[in-house]
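Everything on this sheet refers to the single structure shown next.
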Number of protein chains: 2
Amino acid sequence: MKPKVLTPEECNAALTNEKYGRLGLCLSDRPYVIPMSYVFLDNKIYLHSRGNGKKVEYVTGNPNVCFQVDSLKDNRWTSIIAYGTASLSDDIETKMKMFAAFMGKEMKGHGGKQFKREDLEKMPMTIWEIRIEELTGREGIW
Amino acid sequence: MKPKVLTPEECNAALTNEKYGRLGLCLSDRPYVIPMSYVFLDNKIYLHSRGNGKKVEYVTGNPNVCFQVDSLKDNRWTSIIAYGTASLSDDIETKMKMFAAFMGKEMKGHGGKQFKREDLEKMPMTIWEIRIEELTGREGIW
């Protein structure tokens, strides 16, 4: 059966409702995929990471990202893909905005706890801001 | 908390037990991620697709793949990454072997049904065989 193409509104709703996605990066023709928690705010996707691992190396070398969010329930799948570019920062205002949004999504882990500004300032963290250039979504049956 | 590195045995067990993964591809510095059902057989990952969509265009242009399989339960995540190269075929013996393995995993959809050889021969389908070059796994808490 041919998958159904989702409307922009349906894509936005799925991005708003889901908690985890898979971040696709590539460098020198090598793809890399990692699961990450995220929030969708003001039409941008926000992620956070710690340290300088492979994903920071990759995105620094090539800012193009593909952020994929899906829901696989019974025999039905929905998959949203946001193509865009990521920029990294440690901006405290963005960090506060991101954590407030994480709280609203009832995330597990530290994303789900409330922190004061001074605690967030001390927390070593890189904020990823993904500017979406293209958003597509499809749903179908396995 | 620092993620724990999984042993090769734990990575193999996770690949054997899970049903769906995310396939990462890239072409001309553009990453692409899609959810796919799979089976893990003889140390290779098998996928199937229909038609000549974006993923076939991508893998034909660059055979490097990253196949990522995860389990996100409560606040604990496990993620396995298989790096390798994919080759496409419509070989009937491989198709039969792959469908038999899908049956064993109690997949939903047509991957979960039993087919006769003559039915499989008529079924238009591309088989993806991923030769794994590097397998890594980690688990942690969000």
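The set of residues in segment A:1-40 being aliphatic (A, V, I, L, M) and surrounded by fewer than 17 Cβ atoms within 10 Å (Cβ to Cβ) consists of A:M1, A:V5, A:A13.
Please work out if A:V5 is over 25 Å from B:N75 (Cα atoms) and in contact with a Gly (Cβ under 7 Å, 6 or more places away or on another chain). Considered against the rule, which asks whether it is over 25 Å from B:N75 (Cα atoms) and in contact with a Gly (Cβ under 7 Å, 6 or more places away or on another chain), A:V5 comes out as no. Name, by its number, the condition in (1) modelled with pLDDT under 95; (2) out of contact with any strand residue (DSSP E or B) (no Cβ under 9 Å at 6 or more places or on another chain) that does not hold for A:S28. If we test A:S28 against (1) modelled with pLDDT under 95; (2) out of contact with any strand residue (DSSP E or B) (no Cβ under 9 Å at 6 or more places or on another chain), just (1) comes out false. Tell me, which residue of segment A:90-118 that is more than 15 Å from the chain's Cα centre (by Cα) and at pLDDT 90 or above is nearest to A:K19 (Cα to Cα)? Checking each candidate, the answer is A:M96. The single condition from (1) at pLDDT below 95; (2) in contact with a strand residue (DSSP E or B) (Cβ under 9 Å, 6 or more places away or on another chain); (3) within 14 Å of chain B (Cβ to nearest Cβ) that A:R22 fails is (1). For segment A:1-19, a residue qualifies if it is more than 9 Å from chain B (Cβ to nearest Cβ) and either of a type in the set (K, R) or within 13 Å of the chain's Cα centre (by Cα) (or both), and the qualifying residues are A:K2, A:K4, A:N12, A:A14, A:L15, A:T16, A:N17, A:E18. As a summary of the residue check, A:F99 satisfies the conditions (1) free of Cβ contacts under 8 Å to residues at least 24 places away in the same chain; (2) surrounded by fewer than 17 Cβ atoms within 10 Å (Cβ to Cβ); (3) more than 10 Å from every other protein chain (Cβ to nearest Cβ) except for the one numbered (2). Applying a threshold of 6 Å to beta carbon distances and a minimum spacing of six or more residues, or different chains, the list of pairs starting in segment A:73-85 at a residue that is more than 7 Å from chain B (Cβ to nearest Cβ) and ending at one that is in a strand (DSSP E or B) and at pLDDT below 85 reads A:R76/A:I141. Taking each residue of segment A:110-127 that is surrounded by 15 or more Cβ atoms within 10 Å (Cβ to Cβ) and looking for partners that are at pLDDT 90 or above and charged (D, E, K, R) with beta-carbon atoms closer than 6 Å, six or more apart or interchain, yields A:I127/A:K95. Does B:V65 count as within 12 Å of chain A (Cβ to nearest Cβ) and touching a residue at least 40 places away in the same chain (Cβ under 8 Å)? Judged against the criteria, B:V65 is a match.
The values are calculated or read from the model by the stated rules, or taken from the named source; none is laboratory data. Computed from a prediction, not measured in an experiment: that's the story for all the values here. Methodologically, a virtual Cβ is constructed for each residue, glycine included, from the backbone with ideal geometry; neighbour enumeration extends over all protein chains shown.
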